[in-house]
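Student: Before I ask anything, here is the structure I am working with.
The values are calculated or read from the model by the stated rules, or taken from the named source; none is laboratory data. Nothing here was measured: the structure is a model prediction, and the numbers come from that model. Cβ: placed from backbone, ideal geometry, glycine included. Neighbour counts: every protein chain shown. Accessible surface is based on the protein model in full, side chains and every heavy atom, while ligands, DNA and RNA are left aside. Shrake-Rupley method; radii C 1.70, N 1.55, O 1.52, S 1.80 Å.
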Amino acid sequence: MNQALDQIIQQLNSVILGKQQQIKLSLCCLLAKGHLLIEDLPGMGKTSLAHALSNILGLDYQRVQFTSDLLPSDITGSTIFDPNKQTFHFHPGPLFNQVVLADEINRAGPKTQSALLEAMEEQQVSIDGKSHALPTPFFVIATQNPMHQAGTFPLPESQLDRFLMRIGLGYPDKESEKAILLGEISAAAKKVSALLTPANLVEMQSLVNSVVLSNVVVEYILDLVTETRDSQDYPMALSPRASIAIANAAKAWAFIHSRDYVIPDDVQAIFPSVAEHRLGIASNTTNKLSHDLLSKVKINP
Amino acid sequence: MFNHDKVKSLSALIIAIVSALLFDDLALFFVATVALLIVWVFAECYTKASAPTMVVANILAIACTLTLFLTIGISELVNLFVAMLLQANCLKLLIATKPKQIKSIVLVNFFIACCVFLFYQSLPVTFLVLSLFLINITALYLLTNRKKLVRQSSVRAFKLLALSLPITCVLFLFLPKLPAFWRMPSLSSAQVGLSESVNPFNISDLTKSDKLAFRALLPSNYQAPYYWRAMVHEEFDGKSWNIAKSADNILPFTQIKEYGNTIKIYHEQSSLKWLPSLFYSKANAANIVTTENGNLYRVNPNNQKFSYEFTEIELSQQLTNNQRVRNTRLPTEINMASISLANQLKAQANSTEMFINLLARYYSDNGFIYTLKPPIYDDKNAIDQFISGKEGFCGHYASTSAFIFRAAGIPARVVSGYLGGEFSENNEYLSVYQYDAHAWTEVWLENRGWVKFDATAYVEPDRLNGSLSQLDNIRNEFEENIGLGLTSLSQIAIFNKLRIYLEQLDYQWTAWVLGFDNTAQKKLLKELMEDVSALKIAIIIMSLIGLFLLTFLALKLWQRRIRYDDPIVYYLLALENYAKGKGLIRKDGETVEVFLTRLSELIPHHKKDLMSFLMLYSRHRYGGKTLSKAQVKVLKRNVNNIKYKRQL
């Protein structure tokens, strides 16, 4: 199982150059059954990452470009009257894909955002009183541009909380960019082929669930969370949903590193991505708050 | 190499302090050479100055040895050996580069620090030696641990020293005090206000020292004046009064006087063999004998403070022919005026008692003055000069009186010792200083034996009570003589209080620590247990030390009182402690893996053990897999390897 994971990571690395950590994190997010928010400027490879990820895992993929006039039904789909059969017939929207890339999510109006976020949480869409289950695995990768906020609808804190992780891709290093320019990427990208089936992925997700989370590590997570609640340094404290998210992400991280138990290092590795967007209001990808927190909270032996 | 400089400069500092402290005892030129060497060592450590080459070093060594022998000489062996040690260590310091060489220097420095005790044993010196130890242990720490800072090391050294103090106390109290295996050659450095030859006409004889001579515990019924007899001078050569050769003959049999007082003396270091006593007496110490004249004489003196008790004895009052001749003998053809004065008084007196009274009246009626700054009477007829000059101190009066008595045919002799003393605040003891040195006359009365005649008493009666420092009439002269010091500042209340306080402290130190000898120890042990046996003492020592160690252990455990249910955690704590000793502290928020990786960079040769430990520890603590016995053993071995196995 882990060999497959290693291969996946290797393949992804050859597509998205110099972004090993982000690739691992997004894979980890996927394994933890969470949704991913990528916050970065345009042209950083957000789409490439999403595309490669879905390809390699053998998942369906649909991209939705969010705009201010996008309506909820544009993404969920709607019931259409079939004149031939004289019946109403549900026509699924782009949400009914295993991997959905919601590009520039903050450009759409709150109503559309809510529809997406509701679907993310419930794993189903209700239209005209009828629930339509979304496919499994279901994975939303949303992106947003942290700058140029005019005319956008920034996600409220409560909705940011729905994303398991927020990561920033950042500029590639010089070597990687050189390789991109030399065209080594486009050739490699085509080579990406499915290494897993959706069934495999679901199995992996259940294995992640069975990773041992010892008392000691749980206490460490609680110490971290409690610190945000007691201290005045954090604009917002971490919710229980956040602690669950940390635990799940840590498990997935341990799984990626072929371990069947979580160590504090796993918690520390995923913590900034999981916690930063829940701690502060301001959009930032430096993860200063969570790094401070990590260096402050003592790990009991 | 970085720490070597620090260690070297600390060692140089110790040598410098000891040399400066023994400045009085070692020659000035010698101390100057040591100072130069030390400056060189410091220059080597902190500037670009280089160490001497082999040739230069050898030449330097020869030059230093020559200076050593030329300035100190071989007559004072102890000084010579101490100086040799200082100089040798200093030279070695100059050329030492390897840790092993520096280590031997540091170890020798422990010995050097102790050498101070050969010369001084007071409380401040003890503290100074302790601080020298502190510096030296710090140096040792710095030497063995390159990453250590001076502050860190000195704190550890201080802790170590503090820890050793209770054990020191136990050993001090209970370890049998063995007699010395070998005896130090005596030092002749201690300043004493007394001299075996009294020549008052040479002004330099008057002591200018404000050092303590001894302390006495007097019974309350014993009243002033206190005449502390030390020496009897029977032979007069026209200038000075000397001790007869037979004076140190031991009195064969002495009878202790019933109801006689017993007085305890805590004596400071002294090179003089004659000891003060208030009367004809016998001391309880083995190396103090009573001479024919009833004085105390110390055989085999050493350069340490000592204490003794003396008790009054009966001395048979007979004057042998020999003694009579010796005590009336005068050089001929000098001091004719004094002889005629003696004859004149003799003509008026019909008994010896009357002669004494007439002489006393002669002094008080003719305007004689007691002064510490008399003119110099350097004539052949010095006594005649004094009688016409009428100014002098005790020596003049004692010498002149004895001369006049002898001129009149009455046996007389000069006795020197101390007069008076200063009581401590609570009248607990009497302190007698070197400046309290005094001389007086003893006259032979046929039916009463030797009777004291102190002409000073008629000239300056106040001198009989208290110490010279408390005499108001001559305060200015006294202060000029003593020079600046706490004694001369004693008119100012706060300085006087300070002086008395320091004095008190020093007394306690002398009485309780330096005075704790075989006898005192036996007494203490007797009080603690009924019958004293070596086995019992051994058991007490062992159990006290054991108790101390247990307390220490308990304290250590209490310090890390955060308890963990899981015993495996303590192995990690042990590693954390070990890393702390190496200067690596686990930070907050540092995971075990990161911490151990950091540690393995510090001790790369233990990387295998560390990684094995990390694997087992993580599996146990985080993986929820309880370790098997064999695995725990492996874990334990890993920790022990890291902690104790040294790199080969």
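Student: I'd like to know if the range B:240-251 contains one or more residues that are in contact with a Pro (Cβ under 9 Å, 6 or more places away or on another chain) and within 21 Å of B:Gly466 (Cα to Cα).
Tutor: No, there is no match, as no residue in the range B:240-251 is in contact with a Pro (Cβ under 9 Å, 6 or more places away or on another chain) and within 21 Å of B:Gly466 (Cα to Cα).
Student: Any idea which residue in the range A:208-227 is farthest from A:Ser295 (Cα to Cα), counting only those that are open to solvent by less than 70 Å² (accessible area, probe 1.4 Å) and either more than 14 Å from every other protein chain (Cβ to nearest Cβ) or at pLDDT below 85 (or both)?
Tutor: Taking the candidates together, the pick is A:Val208.
Student: Given the conditions (1) open to solvent by less than 30 Å² (accessible area, probe 1.4 Å); (2) in a loop (DSSP other than H, G, I, E, B); (3) within 26 Å of B:Leu468 (Cβ to Cβ), and given that B:Pro225 satisfies all but one, which numbered condition is not satisfied?
Tutor: Evaluating B:Pro225 over (1) open to solvent by less than 30 Å² (accessible area, probe 1.4 Å); (2) in a loop (DSSP other than H, G, I, E, B); (3) within 26 Å of B:Leu468 (Cβ to Cβ) leaves (1) as the failure.
Student: Follow-up question, since we're still on this one. What is the number of the single condition among (1) within 14 Å of chain A (Cβ to nearest Cβ); (2) under 23 Å from B:Tyr141 (Cα atoms); (3) touching a residue at least 24 places away in the same chain (Cβ under 8 Å) that B:Ser618 does not meet?
Tutor: Among (1) within 14 Å of chain A (Cβ to nearest Cβ); (2) under 23 Å from B:Tyr141 (Cα atoms); (3) touching a residue at least 24 places away in the same chain (Cβ under 8 Å), the lone unmet condition for B:Ser618 is (2).
Student: Restricted to the range A:89-100, and to residues that are in contact (Cβ under 8 Å) with a residue 40 or more places away in the chain and not β-branched (Val, Ile, Thr), which residue is farthest from A:Ala50 (Cα to Cα)?
Tutor: A:Phe90
Student: Of the conditions (1) closer than 20 Å to B:Ser401 by Cα; (2) at pLDDT 85 or above; (3) in contact with a helix residue (DSSP H, G or I) (Cβ under 8 Å, 6 or more places away or on another chain), B:Tyr266 fails just one. Which one is it?
Tutor: (1) is the only condition that B:Tyr266 fails.
Student: Which condition breaks for B:Ala51 when tested against (1) modelled with pLDDT of 90 or more; (2) touching a Leu at 6+ places or on another chain (Cβ under 7 Å); (3) surrounded by fewer than 17 Cβ atoms within 10 Å (Cβ to Cβ); (4) not acidic (Asp, Glu)?
Tutor: Of everything listed in (1) modelled with pLDDT of 90 or more; (2) touching a Leu at 6+ places or on another chain (Cβ under 7 Å); (3) surrounded by fewer than 17 Cβ atoms within 10 Å (Cβ to Cβ); (4) not acidic (Asp, Glu), B:Ala51 misses just condition (1).
Student: Write out, first by first residue and then by second, each pair whose Cβ atoms fall under 6 Å of each other, whose residues are 6+ apart or on separate chains, and whose first residue, in the range B:279-300, is under 16 Å from B:Ser416 (Cα atoms) and open to solvent by less than 60 Å² (accessible area, probe 1.4 Å) while the second is among the charged types (D, E, K, R) and part of a loop (DSSP other than H, G, I, E, B).
Tutor: As it stands, the answer is B:Tyr297/B:Lys273, since those pairs meet every condition given.
Student: I'd like the residue in the range A:9-18 that is within 14 Å of A:His51 (Cβ to Cβ) and open to solvent by less than 20 Å² (accessible area, probe 1.4 Å) and, out of all such residues, is farthest from the chain's Cα centre (by Cα).
Tutor: Filtering the range A:9-18 for residues that are within 14 Å of A:His51 (Cβ to Cβ) and open to solvent by less than 20 Å² (accessible area, probe 1.4 Å), the one farthest from the chain's Cα centre (by Cα) comes out as A:Val15.
Student: Could I ask something else about it? From the residues in the range A:19-67 that are in a helix (DSSP H, G or I), open to solvent by 10 Å² or more (accessible area, probe 1.4 Å) and modelled with pLDDT under 85, which one is nearest to A:Ile246 (Cα to Cα)?
Tutor: For the range A:19-67, the residue satisfying everything is A:Lys46.
Student: Tell me, yes or no, whether the range B:308-317 has at least one residue that is in the same structural domain as B:Phe386 (by TED's automatic domain parsing), closer than 25 Å to B:Glu235 by Cα, free of Cβ contacts under 8 Å to residues at least 12 places away in the same chain and open to solvent by 60 Å² or more (accessible area, probe 1.4 Å).
Tutor: Among the residues of the range B:308-317, at least one is in the same structural domain as B:Phe386 (by TED's automatic domain parsing), closer than 25 Å to B:Glu235 by Cα, free of Cβ contacts under 8 Å to residues at least 12 places away in the same chain and open to solvent by 60 Å² or more (accessible area, probe 1.4 Å), which makes the answer yes.
Student: Shifting gears a bit: If a residue must be open to solvent by 30 Å² or more (accessible area, probe 1.4 Å), within 14 Å of chain A (Cβ to nearest Cβ) and touching a helix residue (DSSP H, G or I) at 6+ places or on another chain (Cβ under 8 Å), how many such residues does the range B:621-634 contain?
Tutor: 3
For every residue, the table says whether it meets (1) within 14 Å of another protein chain (Cβ to nearest Cβ); (2) buried (at least 21 other Cβ atoms within 10 Å of the Cβ).
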site	(1), (2)
A:Met204	no, yes
A:Tyr234	no, no
A:Ala242	no, yes
A:Ala249	no, yes
A:Val262	yes, yes
A:Pro272	yes, yes
A:Leu279	no, yes
A:Leu294	yes, yes
A:Pro301	yes, no
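Student: Same structure, new question: For the range B:552-598, give me each residue that is facing another protein chain (nearest Cβ under 9 Å), of a type in the set (D, E, K, R), open to solvent by 50 Å² or more (accessible area, probe 1.4 Å) and outside any loop (DSSP other than H, G, I, E, B).
Tutor: Scanning the range B:552-598 gives a single hit, B:Glu593.
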